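The values are calculated or read from the model by the stated rules, or taken from the named source; none is laboratory data. Remember, it's a predicted structure, so these values are computed and weren't measured experimentally. Ideal geometry is used to build each Cβ from the backbone, glycine not excepted, and the neighbour counts take in all protein chains shown. Accessible surface is based on the protein model in full, side chains and every heavy atom, while ligands, DNA and RNA are left aside. Shrake-Rupley method; radii C 1.70, N 1.55, O 1.52, S 1.80 Å.
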Amino acid sequence: MTLSPDDRAAIVELISLHGHVFDDGDLDRLDVLFTPSVVYDVSELGGGALHGIDAIRTAALALGDHNPVGHHVTNVVVTEHGDGRAGVRSKGIGVNADGTVGSVTYEDTVVATEAGWRIDHRRVVPRRVPLNGRRA
């Protein structure tokens with residue numbers, strides 16, 4: 001399967017929609033983002049790998065006021081994998097209620113479903129040092 005320009009646009013819109021759904025607290029609509037069997041890996045942030053939409057919803061509610069007030073995504077790169085799958089790498093900026101800001105990289109696998117493109121696996125990688133720690 002070759003990704004059409006429409007597929008690419010739909011995938012980028014899906015990745016962008018993530019922030020709106022979470023920031024609006026619209027956790028009953030997580031199915032517009034994720035497959036039912038999604039793995040949402042926030043291990044590097046201390047949250048482990050969350051399996052399924054209900055686990056993501058439960059974790060977000062448990063974080064409560066510690067959730068970012070703003071999820072902003074940029075630098076979206078889509079890579080065709082074939083078989084109705086694509087890889088997506090993007091940058092995320094999270095703004096917290098206290099004004100602090102953090103940066104992550106989202107590493108996603110998205111799949112074409114009857115309902116449209118959905119995230120089937122997401123790994124959230126925090127960015128904590130410049131140049132990924134590379135030195136001269």
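No other residue among D65, D7, D24 is of a type outside the set (A, V, I, L, M) and without any contact (Cβ under 8 Å) to a residue 12 or more places away in the chain apart from D24. Residue-level check: of (1) without any contact (Cβ under 8 Å) to a residue 60 or more places away in the chain; (2) out of contact with any strand residue (DSSP E or B) (no Cβ under 7 Å at 6 or more places or on another chain), V73 misses just (2). State whether one or more residues within region 42-49 are open to solvent by less than 70 Å² (accessible area, probe 1.4 Å), without any contact (Cβ under 8 Å) to a residue 24 or more places away in the chain and among the hydrophobic types (A, V, I, L, M, F, W, C). Yes, region 42-49 contains a residue that is open to solvent by less than 70 Å² (accessible area, probe 1.4 Å), without any contact (Cβ under 8 Å) to a residue 24 or more places away in the chain and among the hydrophobic types (A, V, I, L, M, F, W, C). Among the conditions (1) open to solvent by 50 Å² or more (accessible area, probe 1.4 Å); (2) free of Cβ contacts under 8 Å to residues at least 40 places away in the same chain; (3) under 22 Å from L50 (Cα atoms), the only one that T109 does not satisfy is (1).
Take V77 and tell me if it is in contact with a Lys or Arg (Cβ under 9 Å, 6 or more places away or on another chain) and open to solvent by 80 Å² or more (accessible area, probe 1.4 Å). Outline the logic, then answer.
Details: in contact with a Lys or Arg (Cβ under 9 Å, 6 or more places away or on another chain): yes; open to solvent by 80 Å² or more (accessible area, probe 1.4 Å): yes.
So V77 fits the description; yes.
Within the bounds of region 93-108, is there any residue that is in contact with a Phe, Trp or Tyr (Cβ under 7 Å, 6 or more places away or on another chain) and within 20 Å of I15 (Cα to Cα)? No, there is no match, as no residue in region 93-108 is in contact with a Phe, Trp or Tyr (Cβ under 7 Å, 6 or more places away or on another chain) and within 20 Å of I15 (Cα to Cα). Of the strands (runs of 3 or more DSSP E) lying entirely inside region 32-132, none contains at least 3 residues that are of a type in the set (F, W, Y) and modelled with pLDDT of 95 or more. Taking the numbered list (1) touching a strand residue (DSSP E or B) at 6+ places or on another chain (Cβ under 7 Å); (2) surrounded by 12 or more Cβ atoms within 10 Å (Cβ to Cβ) in turn, A60 passes all entries but (1).
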